[in-house]
Every structure is written in C-alpha cells, then in structure tokens.
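A.B. asks: I am attaching a structure below and will ask some questions about it afterwards.
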Protein chains: 2
Amino acid sequence: MCLETIIFFGGAVLKNVNNSKLKIIPLGGMELIGMNITAFEFEDSIIVVDCGLAFPAEDMFGIDLVIPDVTYLRDNADKVKGFVITHGHEDHIGALPYVLKDVEAAIYATKLTMGIIDSKLKEHNLQKKIRRKVVKHGQSINLGSFRIEFIKTNHSIVDASALAIYSPAGIIVHTGDFKVDYTPVFGDAIDLQRFGEIGKKGVLALMCESTNAERPGFTLSEKSVGKTLDTIFAEHTENRIIVATFASNVDRVQQIINTSYRFGRKVAIEGRSMVNVISIASDLGYLDIPENTLIETEQLDNYPCERTVFITTGSQGESMAALSRMAEGTHKKVKIRPNDTVILSSNPIPGNEKSVSKIINELLAMKAEVIYHDAHVSGHACQEEIKLIYALVKPKYAIPIHGEFKHRTAQAELIKGLGYDNDHIFMLQTGDVLELSEDSEAKIVGKVPAGRVLVDGLGVGDVGNIVLRDRQHLAEDGIIIVVMTLERGSANVLSGPDIVSRGFVYVRESESLMDGARLVISEAIERCQEKGTSDWSRIKSAIKDDLGEFVWKETKRNPMILPIIMEV
Amino acid sequence: MCLETIIFFGGAVLKNVNNSKLKIIPLGGMELIGMNITAFEFEDSIIVVDCGLAFPAEDMFGIDLVIPDVTYLRDNADKVKGFVITHGHEDHIGALPYVLKDVEAAIYATKLTMGIIDSKLKEHNLQKKIRRKVVKHGQSINLGSFRIEFIKTNHSIVDASALAIYSPAGIIVHTGDFKVDYTPVFGDAIDLQRFGEIGKKGVLALMCESTNAERPGFTLSEKSVGKTLDTIFAEHTENRIIVATFASNVDRVQQIINTSYRFGRKVAIEGRSMVNVISIASDLGYLDIPENTLIETEQLDNYPCERTVFITTGSQGESMAALSRMAEGTHKKVKIRPNDTVILSSNPIPGNEKSVSKIINELLAMKAEVIYHDAHVSGHACQEEIKLIYALVKPKYAIPIHGEFKHRTAQAELIKGLGYDNDHIFMLQTGDVLELSEDSEAKIVGKVPAGRVLVDGLGVGDVGNIVLRDRQHLAEDGIIIVVMTLERGSANVLSGPDIVSRGFVYVRESESLMDGARLVISEAIERCQEKGTSDWSRIKSAIKDDLGEFVWKETKRNPMILPIIMEV
C-alpha cells in the first residue's frame, strides 16, 4: 500500500517533520454495542469522535444510564479541540451532557444530528455554554493538528457521517454507523466515490463498525420496508393500524406516513421521544408530511378506525413507552380494540426479546393482530458492505470498532479473507493507546484510565460496585435487620433484639423461623457476654455469622443480615 | 368428520351411556413455554399429563423455580389416578417432586423418562413412596375411566411420547413435545402410521405443541448435526475441541462421541447435570459409547490436545455451569487455551441471548475459536410438521398448547388454512375448564384455581407478590433504615435517629445528603411532638413520607425507607 508522508489539506501542505505519532484511544464501545467514544491525539491536539451512552446491563440494578469514564480527557482538557459526532443515536451522543460538564469543547455535527444534540443540551441547560457548528457532508473542519472531513453515509437515522481524519501522521477513516443504501428514502446514497478517492490517497487505518459483521450478505434498502408496509396496509383496509418503531428512525416514520397517505389514512404520533425527534426532523426539513395527514391523538376518534394510523414508540418493549401502556390497557388516550392491526417495525435488540414477546402476547390476548416479522431492515452494514468499504479504503491497518468482542472478531475473521493478517488488525480494548504513523509499525503503547460511570437518578458515579453488589444481594434474598439497644460500653441488652425483614419471607408464614432466629441472636449475645466482649463490632459479627448460618440451614437462602446496635 | 360414540378398548366396549362430558383443564403451560401440566377429568377419574416447572422470569428476583398451583388436584386428590409423562425435560417433569407431596399418585412414563424421574425423586426422598410404571411405545395403560396409549415421537430427548387418551366422551391426542425426524439418531422415527390410524377412528381434539409454530418449513433431522460436527472436526484436527450442549440431549452427546471416536479423540464429560443424564442413559442402553473413548477430566492432560474432546453443560450461558466457569477462568479442572475450538451446539433460548453472548465474548478474548452458528437443530415441530400431524389426526377440535400466546396464535393461524374456524380452535388459559363430548359443542364452562407457586431455596410458596415487590424495590434503589429509641408511650427520643443505608449510595460520598436526612427526620419527629402524637405508627409514617420526599428531591431516587422504633 502506498502511503504518502506529505498530506495536503486546506490548500496548505503539512509534513510530519518530527515523526510524531498519532494516538488512537477508544474510551468506550469496544466491549459492547454502546458508549462509543474515541480520542485521537496528535501532540497538543485531541479530538473526540462521538460521546455515547450505554443502557445498563441486567445486573446493574436501578441504574438509568452508563457513560464512559473520561478521566483522560479531563486530565488533558486543554488539549481537547472538539467533539466530532457521526450521527444522532444515543450510543453516540447520549453522554455529551455529562461529559461536557467536565470537558468543555465545541461540538461538530451535521444538521439533524445537531438538532437532536441541541434538544439534549437544552434539557441539561447547557445550550448557551457549548459552542456548536453544523457541518455539511463533503465539508471539512480544522481542529488543532487535525482536519476532519464529513462523508455522507446511510444509517437508520438520516444525516449520518463517516469521518476522514487527516493528521500529520496519516489519514484515518472512521465509518461511524453505516449501511450501503443505494436507494435511500431521504437524500443521497453513501458517498462511495469519496471513500475510493480517499483510499487512493493512502489510508493509515480504517475504523469500521462491526454490529452486523456476523451476518452474511447485504443489508436491504430502507425502501424495502415501504413496500412491505404498502402490502400490509393493502391487506388491512378495514382495520385501525398501529405501527411501533424506533423514535429516531425518521425515514421509517416518513415511509409510514407516505403509505398512510396513499391509503387515505390520518396519522397520529404518540410517545414523547418520537414526538420530539419528529418535530426536530420536520423543522429542519428532513420529513415531508402531506397536508392534512397529521392529526392529534385526541382527534383520532373523529375518523373511522380504518382511516387512521397511529405511530408510536415502544417497539423494544420498553415498559414506560406508549405501546407497552396500550398493551397493558393503561394508555390514557388509546385503547387496543379487537381487529386492530399492530405492526412492530423493528427487531428486538439483543436482551429485549422477552419484553417484546410480552407485549406481543398481551396485544394478541386483546384480539389485535400483531405483525412482528419482516417489517424492518437493519441500519448496519452486513459482511458484503464491510468488504466493500475495505475494498474502497484499502487501509494499512484495520481497527474493528462498535461491537462486542464477538462482533469485532467476526469483522477480523472476515477481512482475513481480504489479506489482512493479525499484525495489521488491531483488536483494541477500551483505554488502549494505539500509536501509529506512516513510517513505523503501529502498536499498543499503553493504557489510560477508562471504564464506565453509572448514572442513577441525579447521581453520576455515586453508585459503584459496592452499592451494586448490595442491590444484587438485596434483590436475591432480601434483608433481615436486627436492632437492639445496649448499655454503653457493654453487651448488656436494654431492649430488643427486634427483627425486621424485607424481601425475605412473609413473616406471618414463618413465625417459628423468627422465633428460632431470636433464640440464635440471644445465644450469640450471651456468648459475647460470657467472653466479656464489649466490642460492638464483634457482637455484630457474631450475630451476622450465627443468624446467617441458621437462616441458610432452615431455608437455603442467604439474605443480607444487618445488625444495628443503639446505645442509650 | 366421523366420530363414533362407542369406543373399543382393551377388548372391552365402553359406551358413554349417560352422556357425561370430558373436562380438559390446563393447570399451566398456556402463557409460557414451561410449567406444562394438564388435568383430564371424566366423572370420578382424573389423569394428569406432565407436571413441569418453569424457570423464573427476570423480575422474580431470587426465585429458583416456578411450579404450578395444583389446588384443584389437591382438592380432588382421591380422583387422581396417575401422572402420565410425555418426556423427561424439566418443563414436563420438574414439578413432580413438589406436586407429589400434595397429590400422591402413580407415575407412568417410558424408560428413559422414568430413569430421569427416578433420580429426581431420589433427591427428594420420594422414590419409595411413589409407585412408578414404565410404559413402552405402543402400549396402553388403564387409569379409571381412561385408557392412555403411548405413541412414539421424536424430540431433543429420546423416548418422547405423544398420548392418545381414550375416554368415554371421545379420543384426545396430545402430542407432547415433538418433531418429525425420519432419520433419528437412536430408535425409530415418529409413528406417523399410528397417528393416522387413530385419526381414522375419529379424534375429538388434538392438543398440539406450538413452540415452533411461528417457523415455516420443517425442522432438520438430528442427524444433520452429526454431519456438521464431522465437518468442524475435520477442519480443526490440531485443536482441542470443547462442545457445549443441553445436558438432556442424549442423541447430541451420542453424535459428539461418535464424531470424536471417528477422529480418534478421547472424550471427557463435565457438568453435574450432564454426567447425571449420561449415566442414566448409558445404564438404560440409550447411549452406545465405544470402548476406551470416555475418560475422566483429570486424564485429559495425558493426551495431546488435538486428541481430546470435552463435552460440557452451560450452552445457555448459565452462570454456574461448567462452560461459564471455563470462560471466566474459574473452572478447577479445565483452563481455556489459545486455539481451543469451542462449539456451542445449541441456540440461545429466548431470554438467554445476553448471557450466551457474554460467554462467547469471554472465550474469544481468551483467543479460543468459538463456533456458535449451525451446530444445532431444534427439537420442536415447525409449521409443515404441525400441518402433517393435523392431516393425520384430523381432530374435530384443535387446542394449541405449549407456548406463549404468540406461539399458540401462530398455530391457530396456521390451521385456519386447513379449514379450522374459531369455533373449533380453543385458545385455553391456565385454569380454564373445557368441556367436550362427541355429541355436543365443546365449550369453556368455568375456571379452577390455577397459577404459579414460587420456589426459593427450601421455601415453596412462601415468597409471594409482597416479598417480590420488596425485592424489586430493594434492587432498584436500596434501603434506608432509620432507627431510634423512644420513651415508651411518647415521642421523646432517647437515642438516635441513626441512619443506615444499603444499596442506596456510598455514604462517604454523600455525607451532606445524610446530614440533610437527619435534619428532615428530626423535624418530622418534632412535628409529631408538637401535635402531641405518641402513636408510633404515625411517627413512622411521618418519617417515611418526609424522608422519601427529601431523598427524591435530592437524588431522584426512591429507596425503601424503613423506620424502626425501639423502646426502653
């Protein structure tokens, strides 16, 4: 592969005179699908690509969001020249309001992406503080030692971009999330020519997303969903139709509206996040809604069922979303009726299968018809598209990103077929520092602090592993609290022990168990008294151990045991 | 359809002289895949088909198993003539040890099924108390007013049966779990002839399983997996091979052993449940293990890697199973090495996708190769097989069983294409009493008590909704305990209030929050004192309300608040 050490940009010629190296430092996104954020560092300049959140894993009880640990950026805040955002999905923008509080820098993104970011910053009262610049596809921005070019791609949200990152050490291409859609619903197809053109210049590394790297073939065009919708609508001319999909998939909403219009139906939209995105997209000109088509939910009853369509959130079975509430019969405005046709225009994201099934079952039990196959296409590149991008860009190094280890491994295996060997594929971990330039072999040279920060309510980072472990323990077997009052500096019981339990067992049904527990506690205290122990922490341990053992023997359960000693 | 009211059985002729009706009462299995149990009642006779458990749903914190509520059987224990079991999977036999304690009756099953039941009863010390009879395919048993014939089927466990249930009111065919495998690994193909023969007699109702009713086509033969294994083994002659599969899939284990033997490899088996089933199957002649093939795990190191195969449990990502421990590096005997080939001969059961992915990612990170596609076939009938059974049995009524509402609806939709209308398809709910006979229209005539009973450790049914709700609450936001000693009959504080929290927040990081909390509590008590309230339950409510509100305002969290008042 031919790599030039002289790069032309913005008319100027920059040469990497002192052979400095570019550092690529993923601060998230390497162990999961979510929390995408990568720092690019060259001498005194850092740019950050994306700044996403992750949704909590099943064992993160009570956690609302997970955001990346950006200690490294905070420690180098003066170097950070800006956040460059590829598209407006939560796993690419959701951590911005949190991270910007620590690392204040300007944001660069395309128009719709910025519209969504704007509404997010507003919620967090940050919109006045943070500088933002809307960038068009084909346009470049200069940030410190970097120039970044936005390249048009296709994805399940419009205005998605790949990035060509020009540094004195070489060019990096970052795909963002993409698919190749030759017939997109809105705007142009992915700018494959530009990928080829940049590839011809010589690209040092390609950071390509891996979400669908396990899937052979080619992802279908978004337009194919429109055809499916047409067919379904044609087969259900006598039913009210409810379509659930992702709030941010503007093209999908456009197609649902188009089909509704063709079939002479009025459309109402429900679900806070969807109303929000639709209004942003509509204001910015990304949605073309025929006149007199959109109505308020309250107006739906003015029209015959078979003349209405309802677009809603909740296609992932989210318990608070509109569709869940309809399925449970608790939605204030919409009641499911027999013969309603409900279309899930989505696939369950891994982990959501059960909650999606729950909704389907509930809707079917209400005698609605539910269509949950084939009314969706993915927004991510399958294997043939990934190979196509490699064929156009022909990077020296491959850095599979955006996926669990298995997705990224699938990309690695795939491109071995294109001639890449293990020395030219970098399977980075979050926090790894990959150093590379055109003149030397790329290598991982170190690690920066990195990880996840849990957000629970207003608290950012105040729920750590100990609190989580306690929640897991409490969830598993509940808690037994033993309270007693002791005379100061002694083991003499003045009152108690009282036993209170929560989440352990119905106390009424287990009085003999509680009697036994009281006995065990008394004996433990007596033993301490006999030994002359007045150290309350020892008394607590004795109660904890003995009661724990007793409860396990009797019930094979292991509740948290919390002795509390009061003094008078 | 021609239906005779005179049925010949065992040589005798029984006529439904008083036009009594048969009652079919599902006590589980209608809302989920799991907990299969159905009562068939005719006058003074009840037979129970299957008696399975379900695994807990995600929101059933700490629950080990779910078993059916058999109040109806307990209330009619003297009528119960026996438990007739279709096959040895947990969702068909797992509740037996619990239910038998309430409803003592004999068990009827085929040889391997009974072997597995035996080992289960032994664990619960029931093997001496419960009468058991092994039945062969083609054989019938007489139980009260019923005759039950066992019909050979194919499934992912050998010795599976369908049942023809002959009652004076007509014949019911119950498929159990089945697929049509023309080339099974062990024994014969499903006895399609007999289905046809019984169908010709006139069948009142068919109870057909619905697990794969959403899937078009035909389930592949178990033998196809053997071919896949051969291919994988041929491509990995230099690696150690680890195969994870379902413990109870004896045919799968047989094929893994066969392939291993063909490739000159020794086989070790790990995982308690697998060792158990293998030993039962081997003792009963359902497994044919070539001499000198099976070795102990400890002997594995005596052979070169590429001459060994390891069969293990944990293909569903179960955290305690052998494969999980290997993937985490905590398995005592087996360490994963780079270049190991791990085959997941299974598909994730819905709900297990994330835990399976976790294991795959961990194994890949250890540089093992993981093959997790295409080395598995289902044990359940797809749409073409379901239609085939209907075509052979031609029942008057269809009762889709074994599945969530969506699976059973898929069967209902499927057979509408065969000419069944809504009056002849019964979508029963657990507890429904369906009354039917040849002379009258079938209808749901009532409901019996039915539901789920939660098993947690040794406790059966002592964890109910209140305890579960507490566990959910504790899991979500933890607990704040407020302890104080008051003077008897007053609101005078002698000591405290002390605040202890678990699963809420790091106390060290939130001292100001705790200071604020103490203030709020003091004020609440003072208010009570001013009002002259000495009713402690009022004081507790005041603390709960005020502290709850304060914490929500400060943190947007809603921990359980538990005030405890001691008296001296």
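A.B. asks: With no solvent and one equal point scatterer placed on each C-alpha of segment A:152-212, evaluate the Debye formula and give log10 I(q)/I(0) for q = 0.12, 0.13, 0.14, 0.26 Å⁻¹, two decimals.
C.D. replies: -0.30, -0.35, -0.40, -1.11
A.B. asks: Only Cα pairs under 8 Å and at least 6 apart count here; give the relative contact order of segment A:213-302 as a rounded whole percent. If you can, show how the numbers build up before the last one.
C.D. replies: Values: 67 pairs, mean separation 26.2, N = 90.
Reported as a whole number, the value is 29 percent.
A.B. asks: Using alpha-carbon positions, what is the distance between the centroids of segment B:479-509 and segment A:416-470, in Å?
C.D. replies: 43 Å
A.B. asks: Given a Förster distance of 45 Å, report the FRET efficiency between residue A:275 and residue B:545 from their Cβ-Cβ distance, rounded to the nearest 0.05. Write down the numbers at each step before the final one.
C.D. replies: Numbers: r = 34 Å, r/R0 = 0.76.
About 0.85, to the nearest 0.05.
A.B. asks: Estimate the FRET efficiency between residue A:139 and residue A:291 by the formula 1/(1 + (r/R0)^6), using the beta-carbon distance for r and 30 Å for R0, to the nearest 0.05.
C.D. replies: Details: r = 33 Å, r/R0 = 1.11.
The value I calculate is 0.35.
A.B. asks: Would you mind checking A:367/B:23; A:111/A:227; A:23/A:406; B:152/B:179 for any pair whose Cα atoms are more than 22 angstrom apart? Write down the numbers at each step before the final one.
C.D. replies: On the way: A:367/B:23 25 Å; A:111/A:227 28 Å; A:23/A:406 25 Å; B:152/B:179 11 Å.
From A:367/B:23; A:111/A:227; A:23/A:406; B:152/B:179, over 22 Å: A:367/B:23; A:111/A:227; A:23/A:406.
A.B. asks: Pull up all non-local amide H partners of residue B:243: gap of 5 or more, or a different chain, and H-to-H distance under 5 Å with H placed in the peptide plane.
C.D. replies: B:310, B:311, B:312, B:343
A.B. asks: Here's another thing I want to ask about it. Take the Cα radius of gyration of segment B:513-568 and divide it by 2.2 N^0.38 Å, with N its residue count; two decimals is plenty.
C.D. replies: Values: Rg = 11.5 Å, N = 56, 2.2 N^0.38 = 10.2 Å.
So the Cα radius of gyration is 1.13 times the expected 2.2 N^0.38 Å.
A.B. asks: Counting Lys +1, Arg +1, Asp -1, Glu -1, what net charge surrounds residue A:383 among other residues with beta carbon under 9 Å of its beta carbon? Can you show the working numbers first?
C.D. replies: Working: positive: A:215, A:387; negative: A:214, A:384, A:385.
Residues close to residue A:383 contribute a combined charge of -1.
A.B. asks: When only Cα pairs under 8 Å and 6 or more residues apart are kept, what is the percent relative contact order across segment A:444-528? Each step should come with its number before you reach the end.
C.D. replies: Values: 66 pairs, mean separation 15.7, N = 85.
The normalised contact order for segment A:444-528 reaches 19 percent.
A.B. asks: Something else now. Rounded to the nearest Å, what's the spacing between the alpha carbon centres of segment A:366-385 and segment A:234-302? Just the number, please.
C.D. replies: 18 Å
A.B. asks: Given the DSSP H assignment, sum -39500 (n - 2.57) over each helix run of at least 4 residues in chain B and divide by its residue total; what's the result at 222 nm in deg cm²/dmol, nearest 500?
C.D. replies: Numbers: 15 runs with 174 residues, N = 568.
Taking each H run of at least 4 residues, the total per residue is -9500 deg cm²/dmol.
A.B. asks: Same structure again: Given 5 Å bins starting at zero, what is the percent of C-alpha pairs of segment A:305-454 in each, up to the one with the largest pair distance?
C.D. replies: Per 5 Å bin, starting at 0, the Cα pair percentages come out as 2, 7, 13, 14, 11, 9, 9, 9, 9, 8, 5, 3, 1, 0.
A.B. asks: Grab the eigenvalues of the alpha-carbon gyration tensor for segment B:290-371, scale each by 5, take roots, and send me the semi-axes largest first in whole angstrom.
C.D. replies: On the way: eigenvalues 104, 39, 27 Å².
Three semi-axes, in Å: 23, 14, 12.
A.B. asks: Per residue, how big is the convex hull around the C-alpha atoms of segment A:223-371? Give it to me in cubic angstrom, could you?
C.D. replies: On the way: hull volume 15.1 nm³, N = 149.
Hull volume over Cα atoms, normalised by residue count, gives 101 Å³.
A.B. asks: Moving to a separate point now. Using just the alpha carbons, could you tell me how many Å³ per residue the convex hull of the protein assembly as shown encloses? Numbers along the way, then the final one.
C.D. replies: Working: hull volume 236.7 nm³, N = 1136.
Given the Cα convex hull of the protein assembly as shown, per-residue volume reads 208 Å³.
A.B. asks: What size of dipole, in debye to the nearest 20, comes out for the protein assembly as shown about its Cα centre when the only charges are +1 on Lys and Arg C-beta atoms and -1 on Asp and Glu C-beta atoms? Before the final figure, lay out each step's value.
C.D. replies: Numbers: 126 positive and 154 negative charges, 184 e Å.
Around 880 debye, computed over the protein assembly as shown.
A.B. asks: What nm distances, shortest first, do you get from the label point of residue A:217 to those in the other copies when the point sits 7 angstrom along Cα to Cβ?
C.D. replies: Distances between equivalent label points, in nm: 1.1.
A.B. asks: Using the Karplus curve 6.51 cos²θ - 1.76 cosθ + 1.60 with θ = phi - 60°, what ³J(HN,Hα) values do you get for each residue of segment B:363-373, in whole Hz, with x for Gly and Pro?
C.D. replies: Result, rounded to whole Hz: 5, 4, 5, 7, 6, 7, 8, 10, 10, 10, 10.
A.B. asks: Related question: Would you mind ranking B:60, A:30, B:35 by Cβ crowding within 10 Å, fewest neighbours first? Working shown, then result.
C.D. replies: Numbers: B:60 19, A:30 24, B:35 30.
Result, fewest neighbours first: B:60, A:30, B:35.
A.B. asks: Continuing with this model, one more query. Any idea what the residue B:234 label distances to the other copies are, label 7 Å down the Cα→Cβ vector, nm, shortest first?
C.D. replies: Nearest first, the other copies' label points are 4.6 nm away.
A.B. asks: A follow-up question, please. Residue by residue through segment B:191-205, which ³J(HN,Hα) values in whole Hz follow from phi under the Karplus form 6.51 cos²θ - 1.76 cosθ + 1.60 (θ = phi - 60°), with glycine and proline marked x?
C.D. replies: Ordered by residue, 3J(HN,Hα) equals 7, 4, 4, 5, 4, x, 5, 5, x, 4, 5, x, 10, 6, 8 Hz.
A.B. asks: Cβ under 9 Å from residue A:339's Cβ, residue A:339 left aside: what net charge do those residues give with Lys, Arg +1 and Asp, Glu -1?
C.D. replies: 0
A.B. asks: Can I ask one more? Regarding chain B, what's the average projected area of the Cα-atom convex hull, expressed in nm²? Don't jump to the answer; show the numbers that get you there.
C.D. replies: Working: hull surface 132.1 nm².
Projected over every direction and averaged, the Cα hull of chain B covers 33.0 nm².
A.B. asks: Can you give the Rg and Dmax of segment B:135-185 based on its C-alpha atoms, in angstrom?
C.D. replies: 12.0, 38
A.B. asks: How far is residue A:469 from the same spot in each other copy, in nm, shortest first, if each label point sits 7 Å from Cα toward Cβ?
C.D. replies: In ascending order, 3.2 nm.
A.B. asks: Sequence-distant or interchain residues sharing an amide H contact under 5 Å with residue A:558, placed H: which?
C.D. replies: Correct list: empty.
A.B. asks: Let me ask another. What is the distance in Å between the Cα centres of segment B:22-47 and segment A:76-151?
C.D. replies: If we compute the Cα centre of each part, the gap is 61 Å.
A.B. asks: Please rank B:253, A:393, fewest neighbouring Cβ atoms within 10 Å first, as an exposure proxy. List each step's numbers first, then the result.
C.D. replies: Working: B:253 27, A:393 22.
With the sparsest Cβ surroundings first, the list reads A:393, B:253.
A.B. asks: Evaluate the relative contact order of chain A (contact order divided by residue number), counting alpha-carbon pairs under 8 angstrom at least 6 apart; express in whole percent. List each step's numbers first, then the result.
C.D. replies: On the way: 1242 pairs, mean separation 88.7, N = 568.
Taking the mean separation of contacting Cα pairs over the length of chain A, I get 16 percent.
A.B. asks: Then there's this: Net charge near residue A:488: determine it from the other residues with C-beta under 14 Å of the C-beta of residue A:488, scoring Lys and Arg +1 and Asp and Glu -1.
C.D. replies: On the way: positive: none; negative: A:487, A:535, A:567.
The answer is -3.
A.B. asks: Hey, another quick one. Go through segment B:496-501 residue by residue and turn each phi into a ³J(HN,Hα) via Karplus (6.51, -1.76, 1.60, θ = phi - 60°); whole Hz please, and just put x for glycine and proline.
C.D. replies: Once θ is set to phi - 60°, the couplings for segment B:496-501 become x, x, 9, 10, 10, 10 Hz.
A.B. asks: Whats the longest run of chain A with zero trypsin sites (Lys or Arg not before Pro) that are DSSP loop and have at most 13 other Cβ atoms within 10 Å? Working shown, then result.
C.D. replies: Working: sites that count: A:128, A:129, A:131, A:136, A:332, A:335, A:367, A:488, A:531, A:556.
Of all site-free stretches, the longest is A:137-331.
A.B. asks: How well do other chains shield peptide B:462-474, expressed as the mean number of their Cβ atoms within 10 Å of each residue Cβ?
C.D. replies: On the way: counts 9, 8, 3, 0, 3, 10, 2, 1, 8, 9, 5, 5, 15.
Across the residues of B:462-474, the mean count of other-chain Cβ atoms within 10 Å is 6.
A.B. asks: If you don't mind, another one. Once Rh for segment B:465-567 is found with the Kirkwood sum over Cα pairs, what is the Stokes-Einstein diffusion coefficient at 37 °C and 0.692 mPa s, in µm²/s?
C.D. replies: Values: Rh = 14.0 Å.
Using the Kirkwood radius from Cα pairs, D works out to 234 µm²/s.
Each value in this text was obtained by applying a stated rule to the coordinates, not by laboratory testing. Given the structure is predicted, the values throughout are model-derived calculations rather than measurements. Counting neighbours? That spans all protein chains shown, and the Cβs are built from the backbone with ideal geometry, glycine included.
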